[in-house]
Amino acid sequence: MKILICISDVPDTTTKIKFTNDNKELDQTEIQWIINPWDELALTRAIELKESLGEKIESITVINVGPAGSEPTIRKALAMGADNAIRVDADPKESYFVAYQLAEAIKSRDFDIILAGLDSADYNGASVGGMMAELLDMPSVSAISALNIENGKVFINREIEGGTQKLEAQTPFVAIVQKGIAIEPKIPAMRGIMMARTKPLEVVAPANADCLTENIVYELPQPKGACRKFTEENVNELVDVLHKEAKLI
Amino acid sequence: MTLLVYAENREGKFKKATFELLSYAEELAKSINADVIALSVNEISPDELNKLGHYGAKKVVSVTDEKFALLDNKLYTSMIANLVEKENAEIIIFPDNLTGRALAPRLSAKLKAGLVSGVVSAPSSYDPFVIKKKVFTGKAFADVKVSSAIKVLTLSQNSFGIKDPSGDTPQIEDFKAEAVSEKSNIKLLSVDKITGKLLLTDAEIVVSGGRGMRGPENWNMIEELADVLGAATACTRPVSDEGWRPHDEHVGQTGKIIAPVLYIACGISGAIQHIGGISSSKVIVAINKDPDAPIFEVADYGVLGDFKNVLPELTKAIKEIKGS
Ligand SMILES: Cc1cc2nc3c(=O)[nH]c(=O)nc-3n(C[C@H](O)[C@H](O)[C@H](O)COP(=O)(O)OP(=O)(O)OC[C@H]3O[C@@H](n4cnc5c(N)ncnc54)[C@H](O)[C@@H]3O)c2cc1C
């Protein structure tokens, strides 16, 4: 079985978001880039499967749409345990554009399971996996919180509104994963970091793709007013305020 | 021209989020002089279908074919795309929840229609089409311009509100979707339903616990408070990682992003990754024994104290109000 994981690099989750150029651009000066947390869990699960199933998992490939600057993130994925990587050399402008680039790069290759994260911690499109699946004319299953392979069959749990379903899925398909697929991301070991340097990273030229949306301006949320404090002794007053002033209860 | 709304039901009843979607769609429809059409999938009573009209749908399209009994993203997308074409829909609106996130991106790619997910208000302009959404997990907003003729939106819950159900009885129509003939790639083996419990993503009030709650044995206090408030329960990531609470309650950057009217955070420090998931809440109440806990920076109201003393007091005081 061949597994592909789509990875994007996003600002570290502790980043204080700021904008420049009249709020038209993200201020990147102090940003640390990391693998999108959902993608990192997807990759972690693929590696776990390879560890338990051995050669039945023929290869783990990661793919990223990004400029050369995203290679440290790709190398980190290789250090975690991916076998090889593909980078589509384009600025990831918006979801449709990225999904299109992915689909173009993937369609001539052969994968059984393509993993993508449910959301991304930057523009929160929650969209690339589904769009890519449609462009590839492949089935997709979303919000997967467990993925197992037994005797060549793929079993998944997916969360739906109001419950969890256990499903058997035929390959090939796009698995859009969330929390639960793995719990703690795999941390690259020294040996992995050394090996990552020589693992194949193929750079492919971008396809001609349209953009359907454009972020024209950003804004930060209104700063909160001061917090009104209460103590253990006057919880009643808080309830009064919530009831009479805020009319929330 | 029409606006198509994906009207989701849970166990045969339409959800509040669906009524909010319709209220929102009606507002947009007024601005562009269009009609709202609601799509309902799976068997549901005529009374329920009529409600969709009361909240703004002129017409309700009902799909009851067996092949849509199980949510298959690809099949559903084909069916909805057929309907978009048939009804000449220009804006398609989904809830920003698991269902919307499963379907909206596929539909967007199929129709080559720009997608804006997590929309928080009505468009600020229709030509060009510009609309506001959340980005960076609630840390900022973006105004997004959509250049395609057809647009797909997912609406963030509790961002618009629900109008009075004063609309007329809608026209109800069956839709057969015969063109969708493919077979699903998934087979259902079993379902684990959350029954009798308010869903986190539907709730207007959420009571949430963090590591400061010490252990699962103290959650009865969270549940009792949630009970009197008619609230759903949530937790922080370490709490679900430890297995104190199920994963579907994990809120934050890597869990669910919610926007209730009232969020009560108990024993939660307020890490930036957690705040990302709750910052769109209208009002935040924090209960924490550490006066320097960062949660107080984002909270509107705070109680400095031990949850063991605060929670029972809170529950008692609210019971009194509710009782009177
Ligand atoms: C990539 C990444 C993604 C993450 N995503 C998420 C996410 O999606 N959601 C999330 O929640 N976290 C996430 N985290 C984790 C996050 O950084 C914090 O570790 C976590 O939110 C802290 O959880 P907590 O507030 O429950 O626990 P703590 O930080 O341990 O806070 C416990 C709080 O309880 C208070 N307390 C203790 N005892 C009492 C008492 N008796 N009465 C009242 N108060 C008491 C303490 O003062 C303290 O403020 C993520 C981290 C990373 C690195």
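Looking across A:Y123, A:Y100, one residue alone is of a type in the set (F, W, Y), under 24 Å from A:Q32 (Cα atoms), open to solvent by 40 Å² or more (accessible area, probe 1.4 Å) and at the interface with chain B (Cβ under 10 Å from one of its Cβ atoms). It is A:Y123. Here A:M195 passes the criteria (1) in contact with a strand residue (DSSP E or B) (Cβ under 6 Å, 6 or more places away or on another chain); (2) open to solvent by 70 Å² or more (accessible area, probe 1.4 Å) except the one numbered (1). Listed by position, the strands (runs of 3 or more DSSP E) inside the range A:143-230 whose residues that are more than 28 Å from A:I17 (Cβ to Cβ) number at least 1 are A:153-160, A:163-169, A:173-177, A:201-204.
Please verify whether B:I284 is touching a Leu at 6+ places or on another chain (Cβ under 9 Å) and either among the β-branched types (V, I, T) or crowded, with 24+ Cβ neighbours inside 10 Å (or both), treating the condition exactly as stated. Yes: the conditions hold for B:I284. Residues of the range A:209-245 that are loosely packed, with under 14 Cβ neighbours inside 10 Å, under 26 Å from B:P123 (Cβ atoms) and touching a helix residue (DSSP H, G or I) at 6+ places or on another chain (Cβ under 9 Å): A:D210 alone.
Listed here are the residues, each with its yes/no results for (1) away from chain B (no Cβ under 14 Å); (2) within 14 Å of the ligand (Cβ to nearest atom); (3) out of contact with any Gly (no Cβ under 9 Å at 6 or more places or on another chain); (4) assigned to a loop (DSSP other than H, G, I, E, B).
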position	(1), (2), (3), (4)
A:V10	no, yes, yes, no
A:T15	no, yes, yes, yes
A:I34	no, yes, yes, no
A:K50	yes, no, no, no
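Of everything in the range B:283-324 that is in a helix (DSSP H, G or I) and near the ligand (Cβ under 7 Å from one of its atoms), the residue that is nearest to A:A226 (Cα to Cα) is B:I295.
Condition check ((1) closer than 30 Å to B:L314 by Cβ; (2) facing chain B (nearest Cβ under 7 Å)) across all residues:
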residue: A:M194; (1), (2): no, no
residue: A:A205; (1), (2): no, no
residue: A:N208; (1), (2): no, no
residue: A:V217; (1), (2): no, yes
residue: A:P223; (1), (2): yes, no
residue: A:C227; (1), (2): yes, yes
residue: A:E232; (1), (2): yes, yes
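Per the conditions (1) within 11 Å of the ligand (Cβ to nearest atom); (2) away from chain A (no Cβ under 12 Å); (3) surrounded by fewer than 21 Cβ atoms within 10 Å (Cβ to Cβ); (4) not small (G, A, S), the sole criterion not satisfied by B:R245 is (3). If the condition is being open to solvent by 20 Å² or more (accessible area, probe 1.4 Å) and within 7 Å of chain A (Cβ to nearest Cβ), then the range B:82-111 contributes B:L98, B:R101, B:K110. Give the residue, chosen from B:I257, B:I275, B:I268, B:I321, that is open to solvent by 10 Å² or more (accessible area, probe 1.4 Å) and more than 10 Å from chain A (Cβ to nearest Cβ). From the options B:I257, B:I275, B:I268, B:I321, the qualifying one is B:I275.
The values are calculated or read from the model by the stated rules, or taken from the named source; none is laboratory data. Quick caveat, the model's predicted, so the values are computed rather than measured. As a convention, Cβ positions derive from the backbone with ideal geometry for all residues, glycine included, and neighbour counts pool all protein chains shown. Note: accessible area is taken over every heavy atom of the protein model, side chains too, but ligands, DNA and RNA are not part of it. Shrake-Rupley method; radii C 1.70, N 1.55, O 1.52, S 1.80 Å.
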